[in-house]
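Following this message is one structure expressed as structure tokens.
The values are calculated or read from the model by the stated rules, or taken from the named source; none is laboratory data. On a predicted model such as this, the values are computed, not experimentally measured, just so you know. Glycine gets a Cβ as well: all are built from the backbone with ideal geometry, and neighbour counts include every protein chain shown.
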Amino acid sequence: MRNCSIIITVCFFLICSLIFSDVGLADYPDGYHDVHRVLDGDTFELTDGNIVRLIGIDAPETGETCSTEATQHLASLISGEIVYLEKDVSETDSDGRLLRYVYVNGVFVNLELVYDGYAYAVSSPPDVAYSSQLADAEEDAINNDRGCLWVIIRIDSDRDSDGDSTWIHASCFIATAAYGSPLDPHVKILRKFRDKHLLTNRSGRRFVRIYYSYSPVIADYISKHDTLKAITRFTLLPVIGLSWVALQSGPIVTLTLMILFGVGLISIWMLKRD
């Protein structure tokens with residue numbers, strides 16, 4: 001009889017531990033939650049301290065082109081609001097942030113950010129419930145030059161670099177067409193080089209203005225031919241390499257390396273002639 005009581009007691013505690021363990025590990029519930037503050041273009045904090053990362057999109061990182069505008073746009077939609085959170089498959093990302101679709105006042109926030117041109121559409125399996133809608137929204141934003149990601153750059157080259165020249169940002173069309181995504185690491189390097197070293201001086205801005213006058217048509221043609229994509233990727237490698245060096249070491253070191261490389265090639269050519 002005593003042994004039976006011990007067995008019953010042990011079973012009771014085991015069942016209780018399992019129940020409370022499940023409760024402790026329960027997913028964060030779908031439903032309405034208060035927004036405390038917006039952290040960047042695709043992340044915000046709830047009043048209970050949880051961080052929410054919007055699924056299926058990717059906004060520019062802090063310091064990148066359009067990051068400030070994307071953050072402000074998300075803030076204009078949800079700051080001080082009560083939002084509805086909807087889970088897909090994953091509970092959190094590798095940083096412990098809640099992965100959710102977000103709605104506010106009847107607006108699908110994830111879709112709105114992409115449609116308005118402040119975030120890229122990204123397919124992130126297994127969370128792909130709205131991938132097709134987000135992709136369509138991005139295509140529409142591109143076709144209509146919306147938001148700070150897709151508007152064609154317009155620069156007043158007649159003004160001094162210290163003046164009020166008007167210029168706005170756009171994606172790297174040719175590189176994006178070649179690599180298939182504006183989020184590809186190679187495209188990001190070129191975009192950062194543009195922002196840090198080209199758009200900060202008059203000659204660079206003039207080059208960018210010319211580039212954006214012709215690149216959309218070229219990029220569209222490249223995107224329709226796999227062979228051209230491969231050739232373009234190969235052609236861009238030296239440019240990407242030099243851009244990476246410039247971002248890491250600065251333009252002076254990069255220029256020095258280019259000169260040394262050129263001198264080396266000339267020297268080899270002259271030695272072969274002799």
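Taking only the range 38-64 into account, find how many residues are hydroxyl-bearing (Ser, Thr, Tyr) and in a loop (DSSP other than H, G, I, E, B). Spell out how you get there, then give the answer.
Filtering the range 38-64 down to residues hydroxyl-bearing (Ser, Thr, Tyr) leaves 43, 47, 62.
Adding the requirement that they be in a loop (DSSP other than H, G, I, E, B) leaves 47, 62.
Summing the residues that are hydroxyl-bearing (Ser, Thr, Tyr) and in a loop (DSSP other than H, G, I, E, B) in the range 38-64 gives 2.
While we're looking at this one, here's another question. Which residue pairs have Cβ atoms under 7 Å apart, sit 6 or more places apart or on different chains, and have a first residue in the range 233-250 that is assigned by TED's automatic domain parsing to the domain that holds Pro182 and free of Cβ contacts under 8 Å to residues at least 24 places away in the same chain and a second that is part of a helix (DSSP H, G or I) and crowded, with 17+ Cβ neighbours inside 10 Å?
That search, which allows pairs on different chains as well, returns Leu242/Thr254; Val245/Thr254.
Quick check on Tyr103: is it surrounded by 17 or more Cβ atoms within 10 Å (Cβ to Cβ), assigned by TED's automatic domain parsing to the domain that holds Asp136 and part of a strand (DSSP E or B)?
Working: surrounded by 17 or more Cβ atoms within 10 Å (Cβ to Cβ): yes; assigned by TED's automatic domain parsing to the domain that holds Asp136: yes; part of a strand (DSSP E or B): yes.
It is true that Tyr103 is surrounded by 17 or more Cβ atoms within 10 Å (Cβ to Cβ), assigned by TED's automatic domain parsing to the domain that holds Asp136 and part of a strand (DSSP E or B).
Now for a separate question. Scan the range 201-229 for residues that are at pLDDT 80 or above, under 20 Å from Ser243 (Cβ atoms) and surrounded by fewer than 17 Cβ atoms within 10 Å (Cβ to Cβ) and report the count.
Taking the range 201-229 as the starting set, the residues that turn out to be at pLDDT 80 or above are 207, 211, 215, 217-229.
Of the ones still in play, those that are also under 20 Å from Ser243 (Cβ atoms) are 207, 211, 215, 218-219, 222, 229.
Going one step further and asking which of them are surrounded by fewer than 17 Cβ atoms within 10 Å (Cβ to Cβ), we end up with 207, 218, 229.
Residues meeting the conditions: 3.
Something else now. Every residue in the range 46-80 that is touching an Asp or Glu at 6+ places or on another chain (Cβ under 7 Å) and without any contact (Cβ under 8 Å) to a residue 40 or more places away in the chain, please.
Scanning the range 46-80 gives Leu46, Thr47, Thr62, Ser67, Thr71, Leu77.
Tally time: how many residues in the range 184-207 are closer than 30 Å to Ser123 by Cα, part of a helix (DSSP H, G or I) and in contact with a helix residue (DSSP H, G or I) (Cβ under 9 Å, 6 or more places away or on another chain)? Quick ask: steps written out before the conclusion?
From the range 184-207, those closer than 30 Å to Ser123 by Cα are 184-196; that's our starting set.
Retained after the next criterion (residues that are part of a helix (DSSP H, G or I)): 185-196.
Filter once more, keeping what is in contact with a helix residue (DSSP H, G or I) (Cβ under 9 Å, 6 or more places away or on another chain): 185-187, 189-194, 196.
Number satisfying all stated conditions: 10.
When the residues of the range 136-175 are filtered to those that are among the hydroxyl-bearing types (Ser, Thr, Tyr) and buried (at least 16 other Cβ atoms within 10 Å of the Cβ), which remaining residue is modelled with the lowest pLDDT?
Ser165
Considering only residues that are assigned to a helix (DSSP H, G or I), over 35 Å from the mean Cα position of the chain (by Cα) and not small (Gly, Ala, Ser), which ones fall in the range 253-274? I'd like the intermediate steps shown before the answer.
Step one: of the range 253-274, the residues assigned to a helix (DSSP H, G or I) are 253-273.
When the remaining residues are screened for being over 35 Å from the mean Cα position of the chain (by Cα), the result is 260, 262-273.
Of everything in the range 253-274, those that are assigned to a helix (DSSP H, G or I), over 35 Å from the mean Cα position of the chain (by Cα) and not small (Gly, Ala, Ser) turn out to be Leu260, Val263, Leu265, Ile266, Ile268, Trp269, Met270, Leu271, Lys272, Arg273.
Something else now. State which residue is modelled with the lowest pLDDT when the search covers only the range 65-80 and only residues that are part of a helix (DSSP H, G or I) and among the hydroxyl-bearing types (Ser, Thr, Tyr).
Just the residues of the range 65-80 that are part of a helix (DSSP H, G or I), to begin with: 67-78.
Adding the requirement that they be among the hydroxyl-bearing types (Ser, Thr, Tyr) leaves 67-68, 71, 76.
Numbers: Ser67: 89, Thr68: 92, Thr71: 96, Ser76: 96.
Per the criteria, the residue is Ser67.
Name the pairs: first residue in the range 119-146 and outside any loop (DSSP other than H, G, I, E, B), second residue polar (S, T, N, Q), Cβ to Cβ under 6 Å, at least 6 apart or on different chains?
Filtered contacts from the range 119-146: Asp127/Ser90; Ser131/Ser123.
Limited to the range 92-113, what total is found for residues that are of a type in the set (A, V, I, L, M) and at pLDDT below 95? Working first, answer last.
Applying the first criterion (of a type in the set (A, V, I, L, M)) to the range 92-113 yields 98-99, 102, 104, 107, 109, 111, 113.
This time we only want the ones that are at pLDDT below 95, so: none.
Number satisfying all stated conditions: 0.
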